[in-house]
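Note sheet for the following structure.
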Amino acid sequence: MKIAVVGAGYVGLVTGVCLADMGHYVTCIDINENKVERMKNGVSPIYEPGLTELLKKNLEVGRLVFTSDHRKGFKEVEVIFIAVGTPQNDDGSADISYVEDVAKTIAFCAESDTIIVTKSTVPVGTNDRLQALINLHKANDITIEIVSNPEFLREGSAVNDTFYADRIVIGSNSEKATKKMKEIYQDFNIPIYLTDIRSAEMIKYASNAFLATKISFINEIANICERVGADVEKVAVGMGLDQRIGTSFLKAGIGYGGSCFPKDTKALIQIAGNVAYDFELLKGVVNVNSKQQTILVDKLKKKFHSLHGKRLAILGLAFKPNTDDLREAASLMVIDELVKEGAEVICYDPIAMENAKQTIIHPQIRFAASVEDAVKDSEAALILTEWDEIKSIDLKVFTHMKTPFVLDGRNCYSLEQVKAAGFEYHSIGRSA
Ligand code: UGA
C-alpha cells in the first residue's frame, strides 16, 4: 500500500521505516530539510538500535522515500499517518497545533479519498475536532476519514516494540477505514484491538499514566524500604510473582523522565480537569516523581555539609539507557541542583554526550571522556542512567576517587559486589 507519514521524529520515522520493511511504499515527510537530506542518505537523525540498518535497506529497495514537500508526499497515497509532536503548554495541556496544521494541509492537498491515521498522542476528542476541521477545509469533493492509532513504542527499543508489540489499538468510526487499517497491519501478526476513536485516544493516556503510577508507587515503597531495612529489589520480585501485578515497571530509581510520561501524565490531569474531575491519584504520581528525581542530591547534602567547590561526577545523562535523549531526564534536575549548590560537575554518558554538550552549558559543568576520567579526583559519583557500560565496569575504579562515595540512582550493582570492592555506597530502597 502507498502510505505517507508526516513527522519524522521517533514515532514517525520508526513507523515509516517499519511499514516499509513490511512491504508498504512509504513517503516520510518532515519540514526540516536538513534532516530530510540526511535521511535520504541513510543517516538516522536519532540514536535507535536497529533503525539505521532498516532505513538503509528500505531506501535501497525503493520502498522508502523522504521529502519536505507535503503535496508531493501526499500524491497517490491512500493513507496518511500523522506523527508530529504534541508538546506541553505552560499549563501542562497538550499543544495540538502541529497536528491541526497537518490535518489542514491534508485537507488542502488531498486529491482522492484518504484515511488519516493519528499516531501523535492527542487529548480525547481531538480526532473528532480534526474531522470537523478537515470537512471545513477540504479542497476537493472527496472523503477523508480519521482513525486513532496510538503508539506504544519505547525509545531505545522502538524497532523491536513496533514489530513485536503486545497490541495494536485502532479507534475508528468507519468500516472502510477499519478494513484498510487491518490490511496495513496484517503481516505484523500482532493482536488488533478495535474500538471507538475516543476510547483509543484515552487508552494511550491511561496506559502511560498507569505505567508512571507503577514507577512512582515502587519508588515510594523503596523510600520506605530504606527506612525499615527492607530491600525494594526483593520486594518488587515478590510482588511481581503475582500475575495480577507483574514484574515490569517496578524498577525503583530516581524517577521517570523522557518525552512521554512527564508530558502525558500532566496532560491527562488537564484532560480530567477540563471535565471538572480532579485526578488526585495522578497528581500524586507526578509530585512523587519530581521529589524522587533529586533524592540523590538530598543524600549528598546529608554526607557533606556544603557542596560548594566539591567535584562531583555524574555517570549517565540520558533519561534511560540506549537513547541519547535528555528530555526531562533526571540528570538535568540533578545537575541544576548541584550547580545551584556551587558544586563542580563532571559528566559522562556513553551515547548522549553530543546532545548534552549542546543542552547543558554552564561554567561549573565539564565533560569527561570515560567513567575513569569522570570519577578520578571526584568526591562523589552519582549514577543516573543504568547503561551496560556503567553496570559492567570494574568497581575498582571507584576506589581511586578522592572520596570513594557512590550514590547509585539505578541500583546497578549488587550489595555483595559493592561490599567486596570496598567503598561507601548508597542506592535506592536498599540498606547498604
Ligand atoms: C514510554 C512508554 O513505555 C511507551 O509505551 C510509550 O509509547 C512511550 O512512553 C510514548 O508515549 O511515546 P519511553 O518514554 O520511551 O516509553 O520509555 P520507558 O522505557 O517507558 O521509560 C520511561 C522512564 O521510566 C525512564 O526514565 C525509565 O528510566 C523510567 N522507568 C521505567 C523506571 O524508573 N522504572 C521502571 O521500572 C521502568
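The values are calculated or read from the model by the stated rules, or taken from the named source; none is laboratory data. Every value quoted in this text rests on a predicted model; they were computed, and no experiment measured them. Cβ atoms come from the backbone with ideal geometry, glycine included; neighbour counts cover every protein chain shown.
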Legend entry - Those residues of the stretch 419-432 which are among the aliphatic types (A, V, I, L, M) and modelled with pLDDT of 95 or more, in sequence order: Ile428
Legend entry - Conditions (1) surrounded by fewer than 18 Cβ atoms within 10 Å (Cβ to Cβ); (2) closer than 27 Å to Phe261 by Cα: number failed by Asp141: (2)
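Have a look at Asn223, Asn219, Asn287 and point out the one that is at pLDDT 95 or above, closer than 19 Å to Ser414 by Cα, more than 10 Å from the ligand (Cβ to nearest atom) and polar (S, T, N, Q).
Numbers: Asn219 fails: more than 10 Å from the ligand (Cβ to nearest atom); Asn287 fails: closer than 19 Å to Ser414 by Cα.
That would be Asn223, the only listed residue that is at pLDDT 95 or above, closer than 19 Å to Ser414 by Cα, more than 10 Å from the ligand (Cβ to nearest atom) and polar (S, T, N, Q).
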Legend entry - Enumeration of residues in the stretch 300-309 that are surrounded by fewer than 24 Cβ atoms within 10 Å (Cβ to Cβ), touching a residue at least 12 places away in the same chain (Cβ under 8 Å) and part of a helix (DSSP H, G or I): Lys301, Lys303
Legend entry - Within the stretch 172-208, considering residues that are aromatic (Phe, Trp, Tyr) and touching a residue at least 40 places away in the same chain (Cβ under 8 Å), the one nearest to the ligand (Cβ to nearest atom): Tyr205
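Have a look at Asp166, Asp128, Asp141 and point out the one that is of a type in the set (D, E, K, R), away from the ligand (no atom under 12 Å from the Cβ), modelled with pLDDT of 95 or more and not in a strand (DSSP E or B). Before the answer, list the steps.
Numbers: Asp166 fails: away from the ligand (no atom under 12 Å from the Cβ); Asp141 fails: modelled with pLDDT of 95 or more.
So the residue among Asp166, Asp128, Asp141 that is of a type in the set (D, E, K, R), away from the ligand (no atom under 12 Å from the Cβ), modelled with pLDDT of 95 or more and not in a strand (DSSP E or B) is Asp128.
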Legend entry - Matching residues in the stretch 226-255 - criterion: being in contact (Cβ under 8 Å) with a residue 60 or more places away in the chain and within 14 Å of the ligand (Cβ to nearest atom): Val232, Glu233, Val235, Lys251, Ala252, Gly253, Ile254, Gly255
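Matching residues to (1) polar (S, T, N, Q); (2) within 21 Å of Gly156 (Cβ to Cβ):
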site	(1), (2)
Ile215	no, yes
Ile218	no, yes
Arg227	no, no
Asp231	no, no
Lys234	no, no
Ile245	no, no
Ser248	yes, yes
Inset, instruction - Kindly provide the set of residues from the stretch 65-78 that are in a loop (DSSP other than H, G, I, E, B) and either surrounded by 20 or more Cβ atoms within 10 Å (Cβ to Cβ) or among the charged types (D, E, K, R) (or both), ordered by number. - result: Asp69, Lys75, Glu76, Val77, Glu78
Legend entry - Selected residue (criterion: farthest from Asp113 (Cα to Cα)) from residues of the stretch 79-94 that are part of a loop (DSSP other than H, G, I, E, B) and at pLDDT 95 or above: Val84
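Quick check on Leu384: is it closer than 28 Å to Ser216 by Cα, buried (at least 23 other Cβ atoms within 10 Å of the Cβ) and touching a Lys or Arg at 6+ places or on another chain (Cβ under 6 Å)?
no
Please determine, by comparing only the residues of the stretch 256-279 that are of a type in the set (A, V, I, L, M, F, W, C) and more than 24 Å from Phe319 (Cα to Cα), which one is nearest to the ligand (Cβ to nearest atom). Steps first, please.
Here is the first cut: in the stretch 256-279, the ones of a type in the set (A, V, I, L, M, F, W, C) are 260-261, 267-269, 271-272, 275-276, 279.
Subsequent filtering for residues that are more than 24 Å from Phe319 (Cα to Cα) retains 271-272, 275-276, 279.
On the way: Ile271: 15, Ala272: 18, Val275: 22, Ala276: 26, Phe279: 18 Å.
The residue in question is Ile271.
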Inset, instruction - Test Thr403 against the stated conditions and say whether it is in the same structural domain as Arg327 (by TED's automatic domain parsing), under 21 Å from Lys301 (Cα atoms), within 16 Å of the ligand (Cβ to nearest atom) and not in a helix (DSSP H, G or I). - result: no
